[in-house]
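To start, the structure itself, in structure tokens.
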Amino acid sequence: MLSLLGVPVDAAYHVVTAISALLTPVAGGLAVAAAIIVFTIAVRLIVLPFSYYALRGQVAQARIAPQAQALRQRYARQPERLSRELTALYRDNGTSMFAGCLPLLLQWPFLSVMYLLFRSTSIGRAPNGLLAHSLFAAQLGSHWLGGTGPLSAQGAVFAALFLLLAVIGALAARASRRFTPPTATPPTATVPAGGKPPAGGTAPAGGKPTATPPTATPPTATVPTATVPAGGKPPAGGRAPAGGRAPAGGKPTATAPTATPPTATVPAGGKPPAGGRAPADGAPMATVPAGGKPLAGGAAAAQPAGVPSWVTSLLPYLTAVFAAFLPLAAGLYLLTTTAWTLAERSVLRRIVLSASAPAGAGPGVPH
């Protein structure tokens, strides 16, 4: 591995040295740290086209997420069929299940080169002059737990680095939730107490009709009336006497109520409560398909199956944890590329959503 990256490490050494020489009149002793930032920005500009196409694929993924979820529900017990259907769905929409991975994979070699550059004491059989430079009180080749330790001026520099990485990670997660494009909601219908949708329900993408239950209200019944004799038995066929008059003999007539099946709110379990009553306040609600069972994932369809919510909430901060095992120079590279990613995705997402929005509908991005 070291021999494979030997040539890139030598090249990076000369590039960073040349950039620092240009920045020395302006940055002084921080010229090498500034050169690392400039080097990182140059790398991100190189992979910018890949970032654009990756983000466009992620927007397409978000748009077809309901269809993908319906396929997972339908073919839950047929993994091979599910894989084929999902592949076809992503292919038809110009994306893939791995959209967004390419820019990250392309940056990994550059991060590895930066790591090795500040871990090597010699470059091309000559001393590595970059190791003599520092960022404030910390050497660029030092580690968080090395040297004078975390409870020192060097440790304070690393602590500031970790804090900035955590803040940028939280902002990136917030921006990702804010700019997620809205997904279309399929037509819905009221679910009767028996758990079956009324005839004529419109099927969303995926082929199964779905129904959104009404809000929690007591069951009601519509009472139409029909004219019947006083004995309580309607004429044959259930129709009133011709002309609406009383039958022969002058017997008075009365009305007998007929009721439609009551409707009830269906809880997340997919089965209506006994007696058609509304569930207790606060019971979770779910969208119910034709079979009376909720779609897998419910309202949290965006949450990956089997992944605890606490893991997802910690993901933005893993970059700061990873930086604790890198030299300060590699951590500075990581901080720069993370900040660049936040700004880049905010700009590109607006461009992608504006390009994919219908004519006259506006960009569709919240401000």
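The values are calculated or read from the model by the stated rules, or taken from the named source; none is laboratory data. Worth saying up front: this structure is predicted, and the values here are computed from it rather than measured. We place every Cβ from the backbone using ideal geometry, glycine too, and count neighbours over all the protein chains shown.
Could you go through segment 95-114 and let me know if any residue there is in contact with a Phe, Trp or Tyr (Cβ under 7 Å, 6 or more places away or on another chain), among the aromatic types (Phe, Trp, Tyr) and surrounded by 17 or more Cβ atoms within 10 Å (Cβ to Cβ). I'd like the intermediate steps shown before the answer.
Start the filter on segment 95-114 by keeping residues that are in contact with a Phe, Trp or Tyr (Cβ under 7 Å, 6 or more places away or on another chain), which leaves 96-97, 102-103, 106, 111, 114.
Filter again for among the aromatic types (Phe, Trp, Tyr), leaving none.
No, segment 95-114 contains no residue that is in contact with a Phe, Trp or Tyr (Cβ under 7 Å, 6 or more places away or on another chain), among the aromatic types (Phe, Trp, Tyr) and surrounded by 17 or more Cβ atoms within 10 Å (Cβ to Cβ).
Sort out which residues of segment 54-92 are closer than 15 Å to Leu353 by Cβ and of a type outside the set (A, V, I, L, M), and write them in order of number.
Arg56, Gly57, Gln58, Gln61, Arg63
Yes or no, residue by residue, for (1) in contact (Cβ under 8 Å) with a residue 60 or more places away in the chain; (2) part of a helix (DSSP H, G or I); (3) among the polar types (S, T, N, Q); (4) in contact with a strand residue (DSSP E or B) (Cβ under 9 Å, 6 or more places away or on another chain):
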residue	(1), (2), (3), (4)
Tyr115	yes, yes, no, no
Leu131	no, yes, no, yes
Gln154	no, yes, yes, yes
Phe162	yes, yes, no, no
Ala166	yes, yes, no, no
Ala172	yes, yes, no, no
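Run down Arg91, Arg178, Arg125, Arg174 and say which single residue is among the charged types (D, E, K, R) and either more than 30 Å from Pro66 (Cα to Cα) or modelled with pLDDT of 90 or more (or both).
Values: Arg91 fails: either more than 30 Å from Pro66 (Cα to Cα) or modelled with pLDDT of 90 or more (or both); Arg178 fails: either more than 30 Å from Pro66 (Cα to Cα) or modelled with pLDDT of 90 or more (or both); Arg174 fails: either more than 30 Å from Pro66 (Cα to Cα) or modelled with pLDDT of 90 or more (or both).
After applying the criteria, what remains is Arg125.
List the number of the failed condition for Leu82; all other conditions in (1) touching a residue at least 24 places away in the same chain (Cβ under 8 Å); (2) more than 19 Å from Pro327 (Cβ to Cβ); (3) surrounded by 14 or more Cβ atoms within 10 Å (Cβ to Cβ) hold.
With respect to (1) touching a residue at least 24 places away in the same chain (Cβ under 8 Å); (2) more than 19 Å from Pro327 (Cβ to Cβ); (3) surrounded by 14 or more Cβ atoms within 10 Å (Cβ to Cβ), Leu82 is out only on (1).
Would a scan of segment 20-27 turn up a residue that is within 22 Å of Val157 (Cα to Cα), β-branched (Val, Ile, Thr), in a helix (DSSP H, G or I) and in contact (Cβ under 8 Å) with a residue 12 or more places away in the chain? Working first, answer last.
Pass one, segment 20-27, residues within 22 Å of Val157 (Cα to Cα): 20, 23-24, 26-27.
Subset that is β-branched (Val, Ile, Thr): 24, 26.
Keeping just the survivors that are in a helix (DSSP H, G or I) gives 24, 26.
Retained after the next criterion (residues that are in contact (Cβ under 8 Å) with a residue 12 or more places away in the chain): none.
No, the conditions are met nowhere in segment 20-27.
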